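The values are calculated or read from the model by the stated rules, or taken from the named source; none is laboratory data. Everything numeric here is computed off the predicted structure, so don't read it as measured data. Positions of Cβ are backbone-derived with ideal geometry, glycine not excepted, and every protein chain shown enters the neighbour counts. With ligands, DNA and RNA removed, areas are computed over all heavy atoms of the protein, side chains included. Shrake-Rupley method; radii C 1.70, N 1.55, O 1.52, S 1.80 Å.
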Amino acid sequence: MDATLASRMLAASTEITKAALSSEDPEDVLPLVVRRAAELAEADLGVVTVRADDGRLTVEAAYGAPTATGPLADPVGTVLSSRSAAARVARSGVPVVVDDLIDDPLTAPYVPASLRVYGPFAVAPFGTNERRLGALAVYRRRGANSFNRVAVDVLTSFAAQAGLALVLAEGSTARQRIAVYQERERIARDLHDVIVQRLYAAGVQLDVLQRRVSGGLESADAERLTETVEQIDQAIAEVRATARTLRAPDPDTSEQAPALDDSMRSEVQIAGELLGRPPKLEIDGDLSDVPVQVADHARAALREALSNIVRHSGARTVLVRVRRSSSGLRLQVVDDGCGIPRDVSKRGLRNLEERAVAAGGRCAVASSPDSGTTVTWEVPLPT
């Protein structure tokens with residue numbers, strides 16, 4: 001191989017490698033790959049095709065040199081037959097060269113209309129032996145010189161090196177994405193397990209303080225304190241929404257709820273610290289396969305029920321039962337307090353009911369000054 005040509009091929013391969021490794025999507029480099037291939041092979045047209053699972057190839061990028069024959073229909077998007085020369089090369093890994101696309105029986109039956117103005121044709125496998133991405137083809141106008149052995153060798157070597165660069169770049173990009181998702185998961189976990197819990201505890205303590213000193217506050221100060229508690233509740237809702245977004249890079253992906261039983265224990269522990277005595281928790285059944293949305297509703301429902309107990313009930317004992325059956329999830333929170341006071345906002349109870357309805361279930365609240373309060377929250381689960 002001529003030293004100048006070898007130097008050009010090395011420079012082109014280096015350029016492709018740098019571009020692929022620096023791109024968020026390695027496939028964005030395909031137009032550059034096909035342009036450099038056409039230049040190295042002194043071709044009028046370069047085409048890179050990517051193989052599908054059924055063996056057919058789709059033209060993903062093309063480059064027409066200034067010497068190309070007239071304005072042509074854009075071949076990008078053209079689907080080649082699984083029996084075409086390019087498809088056979090993509091499968092076998094063996095390059096093919098012909099003098100004329102139209103006359104050679106190897107290629108004639110499978111030439112798309114947009115490529116019938118070309119004659120000499122060479123195609124090399126694109127990718128690696130382990131990961132065959134497709135094929136890289138070059139064309140010259142009809143009547144031009146055929147591709148000699150040197151041109152085919154250059155095309156084959158360049159296609160292999162460029163394909164390897166893209167395969168390595170895909171692996172690097174995948175690792176980077178995994179690292180990003182892991183970091184997002186860590187941030188979401190910190191937001192939920194630390195920030196939300198601290199905000200929740202602060203809101204509960206302010207609410208308790210408000211009830212204790214409600215008679216000694218001027219109306220303006222009481223309103224400000226109530227507004228502060230509501231702002232904390234709103235901040236909690238926004239942080240939870242942010243955490244859910246961070247944990248769901250693909251909203252359409254079906255995920256499983258992360259450690260719902262641990263979340264339940266954490267909520268009970270926080271309530272115990274605020275009550276001065278730990279509620280009793282009973283979990284019956286496996287919660288690991290509860291869908292994410294249902295698990296989010298269940299966590300929020302438990303938090304709301306325990307929040308009402310801490311704020312209003314004065315209960316001495318609290319029992320939390322969580323039961324996972326074949327048909328659904330049932331959450332029951334029982335306390336022996338004074339019941340739900342009439343002057344207390346029913347917003348929290350509405351939230352419980354709305355979450356149950358959103359999950360296709362129901363919520364029932366039984367409360368009296370004599371027997372305390374029982375909240376029963378249950379939703380169906382997909383079989």
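Computed quantities for the displayed model
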{"read-out": "R0 of 25 Å, Cβ-Cβ distance Thr14-Asp74: FRET efficiency to nearest 0.05", "value": "0.30"}
{"read-out": "Note, ³J(HN,Hα) from phi for region 118-134, Karplus 6.51, -1.76, 1.60, rounded to Hz, x at Gly and Pro", "value": "9, x, x, 8, 9, 9, 10, x, 10, x, 10, 4, 7, 9, 7, 6, x"}
{"read-out": "Sites Asn129 and Thr58 - FRET efficiency at Förster radius 22 Å, r taken between beta-carbons, to 0.05", "value": "0.50"}
{"read-out": "Solvent-accessible area of Asp370 with every protein chain in place, 1.4 Å probe, in Å² to the nearest 10", "value": "150 Å²"}
{"read-out": "Mean Cβ neighbour count within 10 Å, used as a protection proxy, ranking 96-106, 372-382 highest first", "value": "372-382, 96-106"}
{"read-out": "Area accessible to solvent at Ile270, 1.4 Å probe radius, in Å²", "value": "20 Å²"}
{"read-out": "Per-peptide average of other Cβ atoms within 10 Å, ordering 326-334, 278-286, 300-308 highest first", "value": "300-308, 326-334, 278-286"}
{"read-out": "Extension gain from Glu39 to Ser92, taking 0.36 nm per residue of separation minus the Cα-Cα distance", "value": "16.6 nm"}
{"read-out": "Bins of 10 Å, starting at 0 and running to the largest distance - Cα pair percent for region 44-152", "value": "16, 52, 29, 3"}
{"read-out": "Spacing of the two label points (7 Å from each Cα toward its C-beta) at Ser288 and Glu273, in nm", "value": "2.8 nm"}
{"read-out": "Theoretical FRET efficiency, 1/(1+(r/R0)^6), r = Cβ-Cβ of Asp28 and Asp262, R0 41 Å, to 0.05", "value": "0.50"}
{"read-out": "Sequence of Ile232, Ile195 from largest to smallest accessible area, 1.4 Å probe", "value": "Ile195, Ile232"}
{"read-out": "Relative packing of 350-356, 225-231, which averages over residues the other C-beta atoms within 10 Å, highest first", "value": "350-356, 225-231"}
{"read-out": "Gain in span if fully extended, Ala202 to Ser114, counting 0.36 nm per residue against the direct Cα distance", "value": "24.7 nm"}
